[in-house]
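Visitor: Pasting in a structure now, in structure tokens, and then I'll have a few things to ask.
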Amino acid sequence: MDSAYTPPGYYGTRDVARALNTSPGAVRNLVYRGRLQRAGGTERQPWFRAEDVAALLAERQTHSAA
């Protein structure tokens, strides 16, 4: 579960999963593979920078269009 408080400009795991149209497990896998970095929070409830999520989403859309 995401924390009740995520600071402005950051997303929780569920928010990232929704934005990327994937599962929270896939988001954890992106972190494990170094494609996405935690920017705060805790080990169990990390935060991710909105800019990093937007860049990953743009990258995915570019690859799917090609």
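The values are calculated or read from the model by the stated rules, or taken from the named source; none is laboratory data. Everything numeric here is computed off the predicted structure, so don't read it as measured data. So basically every Cβ, Gly included, is an ideal-geometry build from the backbone, and we count neighbours across all protein chains shown. Note: areas computed on protein heavy atoms with side chains; ligands, DNA, RNA excluded. Shrake-Rupley method; radii C 1.70, N 1.55, O 1.52, S 1.80 Å.
Visitor: Give the accessible surface of the stretch 3-66 per residue, rounded to a whole number of Å², with probe radius 1.4 Å and ligands, DNA and RNA excluded.
Guide: 70
Visitor: Right, something else. Pop out the carbon and sulfur fraction of the accessible area of the chain as a percent, whole number, probe 1.4 Å.
Guide: 49
Visitor: Then there's this: Report the net charge of residues surrounding residue 59, where surrounding means a beta-carbon distance below 12 angstrom and charges are Lys +1, Arg +1, Asp -1, Glu -1.
Guide: Value of the local net charge: +1.
Visitor: Amide H to amide H, which residues 5 or more places from residue 41 or on other chains are under 5 Å from it, using H placed in the peptide plane?
Guide: 47
Visitor: Quick one: work out Rg over Rh on the C-alpha atoms of the chain, Rh as Kirkwood radius.
Guide: Rounded to two decimals, Rg/Rh equals 0.96.
Visitor: How big is the dipole moment of the chain about its Cα centre under a simple scheme where the beta carbon of each Lys and Arg is +1, that of each Asp and Glu is -1, and everything else is neutral? Debye, nearest 20, please.
Guide: 180
Visitor: Note the angle between two axes, namely the Cα long axis of helix 50-65 and the longest principal axis of the Cα atoms of the chain, as a number of degrees from 0 to 90, rounded to the nearest 10.
Guide: Rounded to the nearest ten degrees, it is 20.
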